[in-house]
Amino acid sequence: MSLKKRLIIYIMLIFLLIMTVIGYILVVQQRDIFQAEMERRGKLLARTLAEISKEAMLIYEFSTLVQNVRSLEGEEDLRNAKIINNNGRILASLNRDTEGSFTDSDYSQDRKYWEDNYLITVETINANGVEMGKSIIVLSQQSMLNRIGYSVKLIIIILVIALALLIIIINITAEYFFEPLTLLAERVRKIPDDNFNIKKLQESQPPEELIELYNSISWMYEEMLMIRKRLVEKTQMATIGKMSAYLAHEIRNPLEAISGSVEVMKLKGEINSDGGFYNIIKEEITTLNSFLDEFLSFARGKSYDFEKININNLINDIFNLLKPMLRNKDIQLIKKFNNQDLYIKGDVNKIKSVFTNLILNSIEAIGSNGYVEITLKNDEDYITAVIKDNGKGIKNKNLKKIFNPFFTTKKSGSGIGLSISKEIIERHDGAIDVEAKNNTSFTIKLPIFKDDNNGKNSDS
């Protein structure tokens, strides 16, 4: 066999092997990511169905259970959704023919498993600590298989095109291109390790006849990066949704203060002369801009901007901001401070957002004719702030869940304010707790700021 034929065969075999490994790795990665996404969606749907069906299970309101199941129609890849009681009887199902019958499958435990081409997710429906039944979600992986099939076809097409180009080039100038082709093979082997660099190939100054092949490899690499990017974007959607809600929630508090201040200036007719309220507006705009900067830099993982904070002045500023909006509600803001200024080390905007959020929650709980009281006290190591109101209070069953993300008893609440506040306080090495005996009170403990020289809280 001639050297030319051997060269063609060897290079073809190497090229096919490399591309097969690359294709296999991409398909396996794509399959794993799709399966993980399906499992996440299945758990989310099952948990959501269980959550919205608690009350209906308690009072045996089967029509509501049917509506809950029907509300999931149209979900991508959803093959079936059903609710069963503890006896295995199907109370509601997208498959109406099975309602009222008993299931043959074992749904005794919360789990997720694959059966044929379906992902089955089981979630327990707990109401007041009592297991009432199960919510079951069945997702089809057909769309996942279709996408993987498309990727396999794309890889095969790329492989065929690249292989055809390779054969043509080797046939024309086998000996002349031997060394450049070796370099090309070495570069292609580095694709799975993310070390493939087209610029390095160009810097090697290959013959003009290889430019077309180099461009084909570059195009193939860009396609693989694009596929990988799409898969990563899907996993980021949940984070983006949470951050969007966080942004909307945090902007609302400063806007309330700005709106109240501008309204007072308008009523007094002193918009052009009242510098104090203009300062309030400027400070709140600064707060908004600072928060937006934090949101935009979230992906960069920037740390908190810690500085020395006078906690007395911070609370006084919040009270001054909120007083205008309370004029017509007959709600008193009461401060119980000692004569000593107290300092902490923290991010002033984040600490301010925590206290503002808690006070606004108290005001909303009161409605009208009441009070919000803040008490500040300290010991050698900690400052303790207690925010108490005489509002409608919090039910005992909700106390343990009050800081859980997305838990809310408000019709229009997002359920993230208190969870964000808890995270901020803990990032400051502090703690936050809630009590609801006679009145609702939130207790915040933060480390006291100490001078490096004497270790004491300082006014300097």
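No value in this document is a laboratory result; all are computed from the given coordinates. All of these numbers come straight from a predicted model, not from anything done at the bench. In this analysis, Cβ positions are derived from the backbone assuming ideal geometry, glycine residues included, and neighbour counts consider all displayed protein chains.
Can we say LEU44 is in contact (Cβ under 8 Å) with a residue 60 or more places away in the chain and surrounded by fewer than 18 Cβ atoms within 10 Å (Cβ to Cβ)? In short, no. Residues in the range 358-367 that are of a type outside the set (Val, Ile, Thr) and touching a strand residue (DSSP E or B) at 6+ places or on another chain (Cβ under 7 Å): LEU358, SER362, ALA365.
Within the range 21-35, restricting attention to residues that are in contact (Cβ under 8 Å) with a residue 60 or more places away in the chain and surrounded by fewer than 16 Cβ atoms within 10 Å (Cβ to Cβ), the residue that is farthest from ILE136 (Cα to Cα) is VAL21. Across the range 56-70, the qualifying residues are those that are part of a helix (DSSP H, G or I) and among the β-branched types (Val, Ile, Thr), and the one among them that is farthest from ALA46 (Cα to Cα) is THR64. The residue that is nearest to GLY391 (Cα to Cα), among those in the range 325-368 that are in a strand (DSSP E or B) and not aliphatic (A, V, I, L, M), is GLN332. Applying the set (1) under 21 Å from PRO254 (Cα atoms); (2) of a type outside the set (Gly, Ala, Ser); (3) surrounded by fewer than 17 Cβ atoms within 10 Å (Cβ to Cβ) to GLU373 leaves exactly one unmet item: (3). Does LYS350 fit the bill of being out of contact with any Lys or Arg (no Cβ under 6 Å at 6 or more places or on another chain), buried (at least 21 other Cβ atoms within 10 Å of the Cβ), in contact (Cβ under 8 Å) with a residue 24 or more places away in the chain and not hydrophobic (A, V, I, L, M, F, W, C)? So LYS350 fits the description; yes.
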